Structures are given as C-alpha cells and as structure tokens.
1. Hey, among the residues in region 142-171 that are of a type in the set (D, E, K, R) and open to solvent by less than 40 Å² (accessible area, probe 1.4 Å), which one's modelled with the lowest pLDDT?
2. Could you list, in sequence order, the residues of region 85-123 that are open to solvent by less than 10 Å² (accessible area, probe 1.4 Å) and part of a loop (DSSP other than H, G, I, E, B)?
3. Does Tyr196 satisfy the criteria of being assigned to a helix (DSSP H, G or I), more than 21 Å from Leu30 (Cα to Cα), hydroxyl-bearing (Ser, Thr, Tyr) and modelled with pLDDT of 95 or more?
4. Report every pair of residues separated by at least 6 positions or lying on different chains whose Cβ atoms are under 6 Å apart, first residue within region 287-299 and open to solvent by less than 30 Å² (accessible area, probe 1.4 Å), second of a type outside the set (A, V, I, L, M, F, W, C) and part of a helix (DSSP H, G or I).
5. Are any residues in region 231-248 assigned to a strand (DSSP E or B) and not β-branched (Val, Ile, Thr), and if so, which ones?
6. If you check Val68, Val87, Val8, which single one turns out to be at pLDDT below 90 and either under 28 Å from Pro210 (Cβ atoms) or in contact with a helix residue (DSSP H, G or I) (Cβ under 8 Å, 6 or more places away or on another chain) (or both)?
7. If only one of Ala27, Ala31 is small (Gly, Ala, Ser) and modelled with pLDDT of 95 or more, which one is it?
8. Quick check, is Val63 at pLDDT below 95 and crowded, with 17+ Cβ neighbours inside 10 Å?
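The values are calculated or read from the model by the stated rules, or taken from the named source; none is laboratory data. From a predicted model like this one, the values you see are computed outputs, not experimental measurements. Cβ sites come from the backbone with ideal geometry, for glycine too, and all protein chains shown count toward neighbours. When the accessible area is computed, the model is the full protein with side chains, heavy atoms only, and any ligands, DNA or RNA have been set aside. Shrake-Rupley method; radii C 1.70, N 1.55, O 1.52, S 1.80 Å.
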Amino acid sequence: MSRLVYFVVMAFCLLISSCGSKGHRYAWVLATASPENTVTGIFANTFAQKVDELSEGKLKLQVYHNSVLGGDVELIESCQSGDIPFVVQNTAPEVSYMPRLALFDLPCVFEDMKQLHAVMDDSLFRSKVNAIYEGAGFHLLGLADQHFRVMTCNVDVKSLDDFRGIKIRTMENSFHIAFWNALGANPTPLAFSELYVGLEQHTVDAQENPYEVICSNAFYEVQDYVIQTNHLPHLLALVTNHDFYLKLSPEEKEIVNQAASEASAYARAQAAERVSARIKEIEDYGVKLVPVPTEIHQMMKDRASALYEDIRKVVADDELFNAYVSGGIR
C-alpha cells in the first residue's frame, strides 16, 4: 500500500464516536500541496472549520497540507478517482485534465482583482465553468485567489525587450510556456523543489509566482528584483469528487456549499490583506519592486495575441471566452 493510499484510507476510517441524537460524525479528507501559512492553506482550513460549525460538529474534515498526500498532479488524480474527496489547488495543473480551463491561462486580462472577482461571481459564467469540472468527474465548490502572479529576476526589466533571453522557470503548462516565449524569454522546466537552489546557482535567472509563494519559499533571498508583471491571477479552486458530492444528503450539500462560499470569500479577503505585508517583507530584505507601466502591460498582451486565439479554440465556447475577457456574461 502506497503512503498516499495509506493516509487516505486511515483518514476515511477515522470515524469519530457516535454522539446520541446527533448521529455519526465523519472525518473527510481535504488535501493541498501548499504550506499551511498561505492563502491556499487558509482556504482549506476555513472550509473545514465552516463545515464543522455549520453541521454542529457532525461533519469533520481532516486537512493535509504541504504535499503530505502528494503534489498537485497526484491530488487532482486522487480526487478524480474518489480516493480524496476534497482538494484545494491552483487551476493551472488542472488544465491537463480539463483542457477548457486554459481559459484561466489567458495572460494580461485584468488590471485588478476587483475585475476578476466580478467575472468569477457571475452566475452564468460559474455555471459554465462548473459544467467543465463536472464533465471530468469533479464538482467545483469555490474559487478564490492568491492575487496576481509576478516575476522575480536578477535583471531590472524596464522595457519589453528586457524580457529577451531571460531563463525563467515556469509551471509545466504549455500556455504559460507559450506566453513567456512570446515575450522572448526562455522558459525552462525545473522541479519546484529545486527552484531555490536553481536561482541561487543561476541555473535559471527568474521565476514567476504570487507574493505568497515568493515569501513562503524565500525566493527574494536569491533574487534582486520583483517585476510586477501581474500577468496572471493565481486562482485557487476548491473541488470535490462529483460522485461523492452527488451521494451527499440534501442537508450535507447545503452545509458544504455554504461552507465553501464563506471560505472562498474569506480567502479572497485574506489574499488582499496579505499582499501588502508580503511586499513589505520583500522590500525589507532589500529587493527592489519594479512596476510595469500600463503601456508595457498592453504590449505584453499584444505579444500574446496568437496565444489568445489558441486558447479560444481550446475553450470552444465564445460566450465563455468573451465573458472572461470582458467582465461576465450579459
């Protein structure tokens, strides 16, 4: 039995004692690949707390952080197969399983998070996104974020040409790679666990992540600049296995749905609050923040025009695509 299966089986078997008229209380598993002291961890813990509160202790979740049950790929596969009922993770690794989620890989769409949240909360937009998840065996419970992804680098990027030749580590996501190629950079695969050393030893020159990840992994210790590219929102999805969700009682569904809604709102608020503290942490270390002017941001988007058309074809739903880039379905 693998470590993953062992943990999952043991957690599912954690049946907390019967408590009279309240019935049985079950411990479900919720897993993330992120540290607990991140917005991802806060999202997961808050959902578990809300489920406990709303069910008056009848429903319990055991939360596993920091890849204890596997990395992002293992977690989404385990959720799809039904081994793990709940997962919180960034949407980018999910594109391999739900290609139409490449919608969320469109670069340079939003100027601020308020614009993003307006789209995420559009009921028709969400229903279309939910259908994508359900088609792959999942149910989407909530969406939050860790603010924008930004670039850390040892080069002071002042113009579009300054991206040229920078060896940047990206996620193993073809659309992310295509974006950096369009800017003239040199996207380079590297395991996340090796990234700090890779930056320190100049195996790569740069990387891109939200401020939360930059600080929780202390990447600023081995980088001179944070280029505020704000090229992608770092979306967080709370998903469950679809068959598992369908088997919940109406009362359990109501509790899970409400808990997810409240946890999503809280995680978003925490993301907004924590950004300024994370930026201060970076600046206090001596790293320089480099704003990207609006005109440069637009030029980055223009360079990615071919990528927009590629993603439009993959999404195969112009209404959904246009809603994302223009602020919701009207």
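1. Going through the qualifying residues, I end up with Asp156.
2. Scanning region 85-123 gives Pro85, Thr91, Met98, Leu106, Pro107, Cys108.
3. yes
4. What qualifies is Val287/Tyr220.
5. Correct list: His231, Leu232, Pro233, His234, Leu235, Leu236, Ala237, Leu238, Asn241.
6. From the options Val68, Val87, Val8, the qualifying one is Val8.
7. That would be Ala31, the only listed residue that is small (Gly, Ala, Ser) and modelled with pLDDT of 95 or more.
8. Judged against the criteria, Val63 is not a match.
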